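S.K.: Have a look at this one.
The values are calculated or read from the model by the stated rules, or taken from the named source; none is laboratory data. Note that the structure is predicted; figures quoted are calculated from it, not measured. Don't worry about glycine lacking a Cβ; one is built from the backbone with ideal geometry, like all the others, and counts go over all protein chains shown. Surface accessibility is based on the protein's heavy atoms, side chains included, excluding ligands, DNA and RNA. Shrake-Rupley method; radii C 1.70, N 1.55, O 1.52, S 1.80 Å.
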Amino acid sequence: MPRRCTVCDHPDRLAIDRSLVERRSTFREIAAARDLSESAVHRHASEHVPAQLTRADDARVAVTANLLLRLLTRLYACADAILARAETAGDDKLALGAIRESGRLLAIGLRAVEVDEIERRLSALEEES
Ligand SMILES: [Zn+2]
């Protein structure tokens, strides 16, 4: 039977993981505070925490990207509505401002797509090697 991780099984595991991630305490301090061995905390930190962190990071990035996309879409819709009003009113100065703003938002969106594409290609390369 594989040996269980005493830190994974610990009732205080979430607090321990938080301490490890935030690096506010040393392995020794974390172990001493909870009657765990320092080597168990070290093993847990190197073998069990990174996988969780990666998942948390991925989720955070996805949430942030989603939020930014929604904000960008909303801002673009506003600029578009202003452009429509400017055209109706024959206000060329306002129309140019709305067009400039739309272009700026498009450039931001395009940069995000490029970054996403570069990251996708990098991950593909990492998987190959
Ligand atoms: Zn563990």
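S.K.: Any chance you could run the full-extension gain for Ile118 through Asp92? It's 0.36 nm times the residue separation minus the Cα-Cα distance, nm to one decimal.
M.R.: Working: separation 26, 0.36 × 26 = 9.36 nm, distance 3.84 nm.
Using 0.36 nm per residue and subtracting the Cα-Cα distance, I get 5.5 nm.
S.K.: Sort Thr6, Thr88 from largest to smallest accessible area, using a 1.4 Å probe on the heavy atoms of the protein chains.
M.R.: Largest to smallest exposure gives the sequence Thr88, Thr6.
S.K.: Also: Using a 1.4 Å probe over the heavy atoms of the protein chains, calculate the carbon and sulfur portion of the accessible area of the range 47-129 as a whole percent.
M.R.: The nonpolar share, carbon plus sulfur, comes to 62 percent.
S.K.: Okay, moving on. For the chain, what does the accessible surface come to per residue with a 1.4 Å probe? Please give it in Å².
M.R.: Result: 79 Å² per residue.
S.K.: Mind computing the radius of gyration and Dmax over the alpha-carbon atoms of the range 69-110? Å is fine for both.
M.R.: Rg then Dmax for the range 69-110, in Å: 10.3, 31.
S.K.: Who wins for biggest fluctuation among Ile99, Ile30, Ile118 in a Gaussian network model of the chain, springs between alpha carbons below 10 Å?
M.R.: Residue with maximal mean-square fluctuation among Ile99, Ile30, Ile118: Ile118.
S.K.: Roughly how big is the chain's charge dipole about its Cα centre, with Cβ charges of +1 (Lys, Arg) and -1 (Asp, Glu), in debye to the nearest 20?
M.R.: With Lys and Arg at +1 and Asp and Glu at -1, about 400 debye.
S.K.: Here's something else I'd like to know. Residues in the range 3-31, backbone N under 18 Å from the label point at Leu53 (7 Å along the Cα-to-beta-carbon vector): list them, ranges by number please.
M.R.: Taking a point 7 Å out along Cα→Cβ of Leu53, the residues of the range 3-31 whose backbone N falls under 18 Å are 7-8, 13-31.
S.K.: For the chain, I need the span (max minus min coordinate) of the C-alpha atoms along each principal axis, in Å, sorted largest to smallest.
M.R.: 76, 36, 24
S.K.: Now a separate question. Two decimals, Cα atoms only, Kirkwood Rh: what is Rg/Rh over the range 41-80?
M.R.: 1.40
S.K.: Here is a further query. Could you calculate, for the range 55-128, the ratio of the Cα radius of gyration to the Kirkwood radius, expressed as Rg to Rh?
M.R.: Checking Rg against Rh, the ratio lands at 1.19.
S.K.: For the chain, can you list the cysteines whose C-beta has no other cysteine C-beta under 4.7 Å from it?
M.R.: Cys78, each lacking another Cys Cβ under 4.7 Å.
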